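> I'd like to ask some things about the structure below.
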Amino acid sequence: MRKFKEQKELIQFARNFIEDRLNALSKDTQHCLKEPYAPFPSILLCFSTIDMLGALYAGDASKKARTTEQSKRYMKRFMSYTNEQCEMLMEIFRHKIIHLAQPKAIIEYKGKKVTWRYWHDNKISHLKLTKLKEKVDISVSSNWALTAEYEFAISIIHLVQDIENSVFDSEGYFHSLKTCVDIQDSFEKAISEIYE
């Protein structure tokens, strides 16, 4: 059974639903980036918003949804992120903040020892994997240190902007939703799972 009588009603509902989430993302991020700073909740909210958009695009908000794959697919399609950027974001920030409350000090990515950095507002460093001029030792204890050769950085403000732009740019998710029946069907299926 259809949840919306007509396409116009679905599109209006989608606009309101997504705008509410994006407004909350923007407002909460602004709050998190004021003293005393709370960057990890802001980053976590970014990823939960991407997960939601990925679910709407894929048409699967069920308990068994493959959220990582759906999010990567959304980021590649609508945020124009590369596969490497998606993998680094997921591996360094999303998975570890969700499961361990903070990113691991260093990960291994394709044979590279990579540490991370976040900025509140730094467009130049956003989503960049950079070889460090010198290896960096990260001290865990007095006799235990980890060594990184690369750094992957995000800018929280620009991650939020990328999410917002992915929805409302001229080739963004909302444009695709208005023009593609398959994406409308996926939205309706996912929204049904969210509400039921």
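The values are calculated or read from the model by the stated rules, or taken from the named source; none is laboratory data. None of these values were measured; they are calculated from a predicted model. Note: ideal-geometry Cβ built from the backbone for every residue, glycine included; neighbour counts use all protein chains shown. Each accessible area value is taken on the protein alone, full model and side chains, heavy atoms only, with ligands, DNA and RNA left out. Shrake-Rupley method; radii C 1.70, N 1.55, O 1.52, S 1.80 Å.
> Note down all Cβ pairs under 9 Å where the first residue falls in the range 126-150 and is open to solvent by less than 40 Å² (accessible area, probe 1.4 Å), the second is part of a loop (DSSP other than H, G, I, E, B) and of a type outside the set (S, T, N, Q), and they're at least six residues apart or on different chains.
127/81; 148/105; 148/106
> Among the numbered criteria (1) at pLDDT below 95; (2) open to solvent by 20 Å² or more (accessible area, probe 1.4 Å), which one does residue 62 miss?
With (1) at pLDDT below 95; (2) open to solvent by 20 Å² or more (accessible area, probe 1.4 Å) applied to residue 62, the lone miss is (1).
> Please tell me if residue 186 is among the small types (Gly, Ala, Ser), surrounded by 18 or more Cβ atoms within 10 Å (Cβ to Cβ) and at pLDDT 95 or above.
Working: among the small types (Gly, Ala, Ser): yes; surrounded by 18 or more Cβ atoms within 10 Å (Cβ to Cβ): yes; at pLDDT 95 or above: yes.
The answer is yes for residue 186.
> Something else about it: Could you name every one of the helices (runs of 4 or more DSSP H) located completely within the range 37-111 that has at least 2 residues being of a type in the set (Asp, Glu)? Quick ask: steps written out before the conclusion?
Details: elements: 39-58, 67-78, 83-88, 95-100.
The qualifying helices (runs of 4 or more DSSP H) are 83-88.
> Let me ask another. Go through 84, 108 for me and flag whichever is closer than 26 Å to residue 147 by Cα, modelled with pLDDT under 95 and of a type in the set (Asp, Glu).
Details: 84 fails: modelled with pLDDT under 95.
Matching residue, one of 84, 108: 108.
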